[in-house]
Amino acid sequence: MSGTWTRLARRVRRDRVSRLAAAFLLVVGYGAYALWPKSLTTEPVLYGDPVYDQGWALRLRSGQTLMLDEIQADDPLIVSGDGHTIVYVLDGWVRARDLRDGTVHDLASADRLTGLQTSFDGQDVAVSFRDRTLIADLRTGERRTIADICKVYGLSATVVWGVPGCERHGEEARLVTVRRDGTGAFVGKLSGGLVSPDLRLVASYDFDGVLISDAISGEKVKLINRENPSIIAWFNAHEVIVEGSPYQLIDVRTGGKRHDPALPDKWIAYIAWPGAGNDWLG
């Protein structure tokens, strides 16, 4: 009889432990679900916008929202072209964070910062000041400085598209290329030139519309007649996003326009598009 009671007691204990374990896993699983994607996400960012008193909201392509409450709504933030890396200012420092694994890189002091930009794959980050630009490779840790470049509108591992001499009158519209070996070339007198994801084209403002130029030679490829073009970013290798309510996409090959349901249906005063970068020159 005592053996029977012993076996029953053991079974009860096993059942109790199993129930407790199941309850624990349920709580942990629910907690992880409730928290996701508050810290990490493999979903690319579609765009980001500041939320008053709540920080930055990153709108993911999955339709979910990733809140960044530690970054103030009025602090600079940009998103890499692939949507997986953010570069922002926190506690006086420029930092880059990979949203997939949470890796954070401290890049430079934000004092006298004039602009931020990333390569489309998020590997390289350009941190610009009035007299120079720091290029940081997030994978290798390499740092290099390009003198006299105060804005960057596109970069890769080998080439940087930037604007020199921002404190010199009339220089802010001169787009140049700078290669790793230090050689460079004048691309053109282009206002707000944004380099395409495939690094072949530059979209810039023109009085008559959207001007598409060759990213190396600066030669005109196409002029898309449109009032108030207000180019925001490249959506892909052949479409640019222009301001509006709702936002519109313009095909640089045909000039045709369309609205993508993934884009906001109303104008947002300050918005971070992947690959767009930003500048804060006064």
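Excluding A147 itself, what net charge comes from residues whose Cβ is under 12 Å from its Cβ, given Lys and Arg +1 and Asp and Glu -1?
Taking every other residue near A147 into account, the sum is +1.
Which lysines have a Cα lying under 17 Å from the Cα of K151, excluding residues fewer than 8 positions away in the same chain?
By straight Cα distance, K151 reaches K189.
Return the lysines within reach of K266: Cα separation strictly under 27 angstrom, same-chain partners fewer than 8 residues apart disregarded; answer none if there are no such residues.
Those lysines meeting the cut-off are K38, K257.
Using heavy-atom solvent-accessible surface (probe 1.4 Å) with all chains present, what is the largest-first order of S230, S245?
Final ranking, largest accessible area leading: S245, S230.
Set the Förster radius R0 to 41 Å, insert the Cβ-Cβ distance between A185 and Y52 as r into 1/(1 + (r/R0)^6), and round the FRET efficiency to 0.05.
It comes out at approximately 0.40.
How many Å² of accessible area per residue for the range 191-254, probe 1.4 Å?
With all protein chains present, the range 191-254 gives 45 Å² per residue.
Got a number for carbon plus sulfur as a percent of the range 201-278's accessible area, 1.4 Å probe?
Result for the range 201-278: 50 percent of the exposed heavy-atom area is carbon or sulfur.
The values are calculated or read from the model by the stated rules, or taken from the named source; none is laboratory data. These numbers come from a predicted model, not from an experiment. All Cβ positions, glycine included, derive from the backbone under ideal geometry; neighbour counts span all protein chains shown. Note: accessible area is taken over every heavy atom of the protein model, side chains too, but ligands, DNA and RNA are not part of it. Shrake-Rupley method; radii C 1.70, N 1.55, O 1.52, S 1.80 Å.
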